[in-house]
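Novice: I have a structure here, written as structure tokens, and I will follow up with some questions on it.
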């Protein structure tokens, strides 16, 4: 079963062809099917029914309830057809066309079918055309921003817009921002649309519950009394990864259960806790176990608590910045910190910059941390080897004896030829060591070799060869 279409000329009413198709065939598919019979490409075809041009996305079955239907064929100018297709695919923009073209429904429809916001470039007349505006809204509800004020006040247009893009609520008429049906549809799509609801509806508990269920951060737009509603705040906290606690009433920020849920989801929510809860060790441990940097918001007493500090720096070594100063002399705490950020060795105090275990942990993470070690570790071959393996340029911070150690220098140079500049003089006079540097850095490393080797023809040739490879 299907629909029999009788296609007639739009000019003469002469019958051109007859075809039977399934109800779900779209007009765009019909154009492909009829192209050989009409001797017109799909772009050149336009079908009219009852004085209305049929859209490509319409289904044949929606044209009539009968088994047969007569539609008129109108041939479109080839150049115009190409222009429309370019608008549909985005190769041309509506604002690039002449004003009279922007005032044609076809051109505007082609443009908004690609980008709903192109409605802003249509003529004022067309921005008041409901069919065109609804077509634009199918792409983005925000297109209602460019609709005429009359259509922005049309509840069917507003509902279509906010169901597509909740925050399009900001562009509908004020009376519809106060319409419960419209606002409910908006927050069901995007809880943050509550920001644009009329104040009276920001007091509506059911609406606010729906909004924070969709987006916990919408709590900030709820009326003050609802930000003190425990059920609403709990839901908001869960649906915002803890962040919505910022907007809760003060008495709920002081609730250990609610604040506990918040810091468990986001340790940094501790910053919104009252002083009493920042002194609560279990709560603070939960916070720093999630985000080490939450230590910043712990009470001064807990910033001196070793268990709290250790938990924090294990999560984020940078949290050492907020720990009591004495922990910079604590080997275990500093080892945890430098394992994540070797550069933090610079903050170690006491004799920890000379502590072999601490320094080794630092250079294993960042070879350049050797810079902050004391002379002892800078002269420790195992530590220096680890450092130059991580970063060959760390050779510059090794003791002079290790800079002249062939194994250490080659470990650095074989990874980065430029490290030759930090090798001891005896090694810069060593042909094999210089060759190793040239193999990795070419002529750029040659300048750090002893002068007599800089003029060695074989080494110069090698450097030039490597340069060509590096350039390629």
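Novice: Of all residues being in contact (Cβ under 8 Å) with a residue 12 or more places away in the chain and part of a helix (DSSP H, G or I) in the stretch 453-464, which is nearest to residue 399 (Cα to Cα)? Just the residue, please.
Specialist: Residue satisfying both the conditions and the ranking: 453.
Novice: Let me ask something else. Name every residue in the stretch 427-448 that is closer than 16 Å to residue 407 by Cβ and outside any helix (DSSP H, G or I), in order of residue number.
Specialist: Scanning the stretch 427-448 gives a single hit, 430.
Novice: Let me ask you something else. Regarding residue 434, is this residue touching a helix residue (DSSP H, G or I) at 6+ places or on another chain (Cβ under 7 Å), outside the structural domain of residue 343 (by TED's automatic domain parsing), over 30 Å from residue 348 (Cβ atoms) and modelled with pLDDT of 95 or more?
Specialist: Taking the combined requirement at face value, the residue satisfies it.
Novice: Provide a single number: the residues in the stretch 136-145 that are surrounded by fewer than 22 Cβ atoms within 10 Å (Cβ to Cβ) and either touching a helix residue (DSSP H, G or I) at 6+ places or on another chain (Cβ under 6 Å) or more than 21 Å from residue 170 (Cβ to Cβ) (or both).
Specialist: So the count comes out to 4.
Novice: Have a look at 362, 369, 398, 319 and point out the one that is crowded, with 24+ Cβ neighbours inside 10 Å and more than 23 Å from residue 419 (Cβ to Cβ).
Specialist: Of 362, 369, 398, 319, the one residue that is crowded, with 24+ Cβ neighbours inside 10 Å and more than 23 Å from residue 419 (Cβ to Cβ) is 319.
Novice: If I go through the stretch 60-103 residue by residue, how many of them are in contact with a strand residue (DSSP E or B) (Cβ under 8 Å, 6 or more places away or on another chain), buried (at least 19 other Cβ atoms within 10 Å of the Cβ) and free of Cβ contacts under 8 Å to residues at least 60 places away in the same chain?
Specialist: Of the residues in the stretch 60-103, 1 are in contact with a strand residue (DSSP E or B) (Cβ under 8 Å, 6 or more places away or on another chain), buried (at least 19 other Cβ atoms within 10 Å of the Cβ) and free of Cβ contacts under 8 Å to residues at least 60 places away in the same chain.
Novice: Being more than 30 Å from residue 267 (Cβ to Cβ) and at pLDDT 95 or above, is that true of even one residue in the stretch 221-229?
Specialist: No: zero hits.
Novice: Which residues, counting only those in the stretch 137-151, are under 11 Å from residue 116 (Cβ atoms) and assigned to a loop (DSSP other than H, G, I, E, B)?
Specialist: Residues satisfying the conditions are 140, 147.
Novice: So is residue 49 modelled with pLDDT of 90 or more, touching a strand residue (DSSP E or B) at 6+ places or on another chain (Cβ under 7 Å) and not assigned by TED's automatic domain parsing to the domain that holds residue 137 or not?
Specialist: yes
Novice: Among the residues of the stretch 444-461, write down those that are surrounded by fewer than 17 Cβ atoms within 10 Å (Cβ to Cβ) and farther than 15 Å from residue 425 by Cβ.
Specialist: Result: 455, 457, 458, 460, 461.
Novice: Kindly indicate whether any position in the stretch 279-289 is in a loop (DSSP other than H, G, I, E, B), surrounded by fewer than 20 Cβ atoms within 10 Å (Cβ to Cβ) and in contact with a helix residue (DSSP H, G or I) (Cβ under 6 Å, 6 or more places away or on another chain).
Specialist: Scanning the stretch 279-289 turns up no residue that is in a loop (DSSP other than H, G, I, E, B), surrounded by fewer than 20 Cβ atoms within 10 Å (Cβ to Cβ) and in contact with a helix residue (DSSP H, G or I) (Cβ under 6 Å, 6 or more places away or on another chain).
The values are calculated or read from the model by the stated rules, or taken from the named source; none is laboratory data. Everything numeric in this text was worked out from a predicted model, so none of it was measured. All Cβ positions, even for glycine, are placed from backbone atoms using ideal geometry, and neighbour counts span all protein chains on display.
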